[in-house]
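Following: one structure in structure tokens, then a few remarks.
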Amino acid sequence: MSLLFKQRNSAGANQRKLGMVAKIIAFFVGNIRHWLVALGDIWRDPIPSILTVAVLGVSLTLPSIMYVVAKNAQSVEQHWQSAAEISLFLHTDLSDKQIQTFVKQVQLHAKVEKVTFVSNEQALDEFEQLSGFGDALSLLEANPLPNVLIVIPLAEYALASPAADLLTELEQMREVEFGKLDIEWLRRLNAVLSLIKDTMGSLGLLLCVSVVLIVGNTIRLSIINRKEEIEVLKLVGATDGFIQRPFLFTGLWYGFFGGLIAWLSIEIMLYYLSGSIVRIADLYQSDFRLSGLSVAEMVNLLLISMGLGLSGSYLVVRKQILLIEPDSSI
């Protein structure tokens, strides 16, 4: 008797287990079916769908392009950080020993990465070779050029504001007559980067809202066009969740295709501009090249666009489906 009871309990547990597995499989199969149905609905009405996806793609392309511009501008800034070098012009009455001691002192500074000493003789020889005034310079009784110490800050102190603070600190040393730092271009670049980031944030927010509104309006029109079909589904007992699901997946598809168009547009624009950028970089003897979206950034773009599409459809679908009620008199 006990063995029979255990067998019955075991059979019931197996049935419940199989029932749970079947429910999980049915859930995933049902969602895949709705996903494919949503794609078929888009395919059956191609012209409006293509126009909607094109508008979404353009709306997503603009903030994405600004992101790529900011990304490449930061790359330029990092690439040229070594140009943020400080030139320290030393007093002419310093002895060789004093100069050597001062060079070692600067080399040990916590904010300095590299120090290069250029003697006044080296500077005069270089000037003579580059200027072509060798005969005139030979008439000079003494070398008018000072000894110069070229200081390259560490990466975290190579930006405009930290580099300026380091220059002020080094100018306080008694061996230094004056210092020079060409940081105007760094300040302008930082200002442009800040402007791009602020503009990208505000414009990106507006365009994301527009994507949500476009998808929501498209889904609302689709629901209105399929009103009779929805009424029939409700008459045969379909739940609101079952009816809403294909429309939600349609919003996801719109977001996916819009993000894909945005990515392709960025790649085409970068390919078109890459030749000009290479020629400009060669003029400055630089190996800088434009970089597009990485795989992770592309995936993030698609996820964001799909999330916006889902948000737009969700805001509309629930309310519109609830408003449609079948005529019970029929």
**Complete:** Whole-percent carbon and sulfur contribution to the accessible surface of region 188-238 (1.4 Å, no ligands, DNA or RNA) stands at 66
**Fill in**
Two pseudo-spin positions, 7 Å from Cα along C-beta at Ala73 and at Arg44, lie apart in nanometres by 4.8
**Asked** In the structure shown, do any of Lys114/Lys197; Lys97/Lys180; Lys71/Lys104 have a Cα-Cα gap over 26 Å, and if so which?
**Response** Lys114/Lys197; Lys71/Lys104
**Prompt:** How much of the accessible area of region 239-326, probe 1.4 Å, is carbon plus sulfur, in whole percent?
**Reply:** 68
**Item:** Cα→Cβ-extended label distance, 7 Å offset, between Leu322 and Lys104, nm
**Value:** 8.1
**Asked** Counting only heavy atoms of protein chains, what accessible area per residue, in Å², does region 192-330 have with a probe of 1.4 Å?
**Response** 60
**Prompt:** Which FRET efficiency value, to the nearest 0.05, is calculated for Ser161 and Leu213 with the Förster distance at 45 angstrom and r the Cβ-Cβ distance?
**Reply:** 0.65
**Message:** Residues of region 161-183 with backbone nitrogen within less than 11 Å of a virtual label 7 Å along the Cα-to-Cβ line of Asn190, please, listed as ranges.
**Reply:** 161-166, 183
**Message:** Let me check I have the definition right: for region 208-260, take the eigenvalues of the Cα gyration tensor, multiply each by 5, take square roots. What are those semi-axes in whole Å, largest first?
**Reply:** 25, 11, 8
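The values are calculated or read from the model by the stated rules, or taken from the named source; none is laboratory data. Quantities reported herein were computed from a predicted structural model and do not represent experimental measurements. Here Cβ is always computed from backbone atoms with ideal geometry, including for glycine, and neighbour counts include all displayed protein chains. To get the accessible areas, we keep the full protein, side chains included, count just its heavy atoms, and leave off ligands, DNA and RNA. Shrake-Rupley method; radii C 1.70, N 1.55, O 1.52, S 1.80 Å.
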